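Visitor: The structure is given below, and queries will be raised subsequently.
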Amino acid sequence: MDCDIFLVGLNHRTAGVDVRERFALTNYCDQEHWALPCAGAVNEAMILSTCNRVELLAAGTGDVSGQMLDCWARARDADARELAPYVYIHKNLEAVRHLFSVASSLDSMVLGEPQILGQLKTAYRKAVDCRATGLILNRLLHKAFSVAKRVRTETAVASSAVSISYAAVELAKRIFGDMHPHKALLVGAGEMAELAATHLLQAGIDEILVANRTLARGEELAAQFRGRAVAFERLTEHLTEVDIIITSTGSPEPIIRARDIRAVLRARKNRPMFFIDIAVPRDIDPDVNGLDNVYLYDIDDLKEVVEENLANRRDEAAKAVEIVNEEVDFFAQWLNSLDAQPTIVDLIRRGERMAQEELARTLKRLGPLSDEQREALSAMTNALVRKMNHDPIMFLKGGGMAQEGSAPRISIVRRIFNLDKTSGACGRKS
């Protein structure tokens, strides 16, 4: 393959929440703020930015990873040297393997959680809308989606999956014990908030309030869970009546600050408040945790709860890894076929040209023939060419990992059949 596939990223294993929010690209995945332009070494690109990871995927030639790192840092008004210590870089099949693992939720903080696949699909749609993907990434992402489906169908890795929202509610139960006398406020009305509402009801919470910038969406979620929507602009006022607050907005700045909570605590006569901030960047100023009778947990604090639920899924994860490895091999074969395609075309054209020349000579020697006879001879000649080309084409498309490459096979075929030139294929953005 003339171009390479690169994946540059950081996640919950390589960077804490403070670093992840510093380099989050949630607000850069649109046409106006595209952080990784398809220029220079980069032919195709997409960005995945979630609370637990930021990953840039690209196909191109030359110093692709260096350009990715520089663009990423500049998008966050930083220097690449600040970012580099937290970053991992995967190339070609290792990039493919990592992406398949991410899509299958094998690389998530919560093994088997379902949210990441939806987030990946959304990221891909944005990249497509920006016309930033092409042959390589389009094929790679569609294959990643099918691998994730296969993992969920053929293994039980997600059968007892525990979402971040579930872990947040479990943590609240540890603080309050009986959840029935308490009220909860969800700030944000996305998928994470919806999952949190489900788990809160199952835990026996008395009432759920929903505050969302778009009131109609907040009302929709509140009605779904027999709760009550409140105006986002009056968020601080409603904090006085709730004991549990779970935030999951996309705000680039904190929406709840320590100075606001001091007044709320006085109005509540210092009754305990439990905050869970599952947004990145964080919705709640970390200084809130320094206040008396306030318990603040961010997404990294949920790791302990998550770890307790991993044991019974690890055997299934091993099966899922086998599926991922198998699918990586299949994708490697497709990549190899891109390299071989120009040679296959040359081989077919050579056979067709020789067949037509020999057919013309034969027809001259045979003399007058009917149209049916001429068509029969032409069909026979074409069939012979296809059969003669079948084995060398299968040889060109044959197995072998991309690390080994298809170049030796291409070279052999071109020499044996005296083909006059070689060429490769690299996806370009459409």
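The values are calculated or read from the model by the stated rules, or taken from the named source; none is laboratory data. Remember, it's a predicted structure, so these values are computed and weren't measured experimentally. So basically every Cβ, Gly included, is an ideal-geometry build from the backbone, and we count neighbours across all protein chains shown. Remember, those area values only see protein heavy atoms, side chains included, never the ligands or the DNA or RNA. Shrake-Rupley method; radii C 1.70, N 1.55, O 1.52, S 1.80 Å.
Visitor: Any idea what angle helix 191-202 forms with the longest principal axis of the chain, computed on alpha-carbon atoms, 0 to 90 degrees, nearest 10?
Guide: The helix 191-202 is inclined about 50 degrees to the chain.
Visitor: So, with a 1.4 angstrom probe, what is the percent of accessible area on the range 62-123 that is carbon and sulfur?
Guide: Exposed carbon and sulfur together represent 47 percent of the surface.
Visitor: What do you get for the angle between helix 164-176 and the principal long axis of the chain? Use alpha-carbon atoms, 0 to 90 degrees, nearest ten.
Guide: The helix 164-176 is inclined about 20 degrees to the chain.
Visitor: Taking a 1.4 Å probe, which of Thr214, Thr198 shows the most accessible area, and what order do the others take after it?
Guide: Thr214, Thr198
Visitor: From the cross-link list Lys143/Lys173; Lys126/Lys149; Lys143/Lys303; Lys183/Lys319; Lys121/Lys319, which pairs have alpha carbons spaced over 32 Å apart?
Guide: Cα-Cα > 32 Å for Lys143/Lys173; Lys183/Lys319; rest within.
Visitor: Once you have a ≥ b ≥ c as the square roots of the Cα gyration tensor eigenvalues for the range 150-224, tell me rounded if a/c is under 1.5, and otherwise prolate or oblate according to whether a/b is larger than b/c.
Guide: Oblate, because a/c is 1.5 or more while a/b does not exceed b/c.
Visitor: Right, here's the next one. Tell me, what is the per residue accessible area of the chain in Å², probe radius 1.4 Å?
Guide: Heavy-atom accessible area per residue stands at 47 Å².
Visitor: A further question follows. With a point put 7 Å past each Cα toward its Cβ, work out how far Lys303 is from Ala39 in nm, to one decimal.
Guide: Result for the modelled spin labels: 3.8 nm.
Visitor: For the chain, state the semi-axes of the equivalent ellipsoid (square roots of 5 times the eigenvalues of the alpha-carbon gyration tensor), sorted largest first and rounded to whole angstrom.
Guide: 57, 22, 19
Visitor: Then there's this: Quick check on the range 99-176: take the gyration tensor over C-alpha atoms, sort the square-rooted eigenvalues as a ≥ b ≥ c, and tell me if it's rounded (a/c under 1.5), prolate or oblate.
Guide: oblate
Visitor: Highest mean first, how do 3-10, 119-126 rank when packing is the count of other Cβ atoms within 10 Å averaged over residues?
Guide: Most protected by this proxy first, the peptides run 3-10, 119-126.
Visitor: Another question, if that's okay. For Ser406, what accessible area in Å² do you get when you roll a 1.4 Å probe over the heavy atoms of the protein chains, rounding to the nearest 10?
Guide: For Ser406, the solvent-accessible surface is approximately 0 Å².
Visitor: To test your reading of the geometry: what angle, between 0 and 90 degrees and rounded to tens, separates the Cα axis of helix 258-267 from the longest principal axis of the chain?
Guide: 40
Visitor: Take peptides 349-359, 199-209 and line them up by average Cβ neighbours within 10 Å, highest first, as a rough protection proxy.
Guide: Going by the mean number of other Cβ atoms within 10 Å, highest first, we get 199-209, 349-359.
Visitor: Can you tell me how much longer the chain between Met354 and Ser411 gets when fully stretched, taken as 0.36 nm per residue apart minus their C-alpha distance, in nm with one decimal?
Guide: In short, 18.4 nm is gained.
Visitor: Something else about it: Taking 7 Å along the Cα-to-C-beta vector as the label spot, tell me the Arg213-Tyr88 distance in nanometres, rounded to one decimal.
Guide: 3.2
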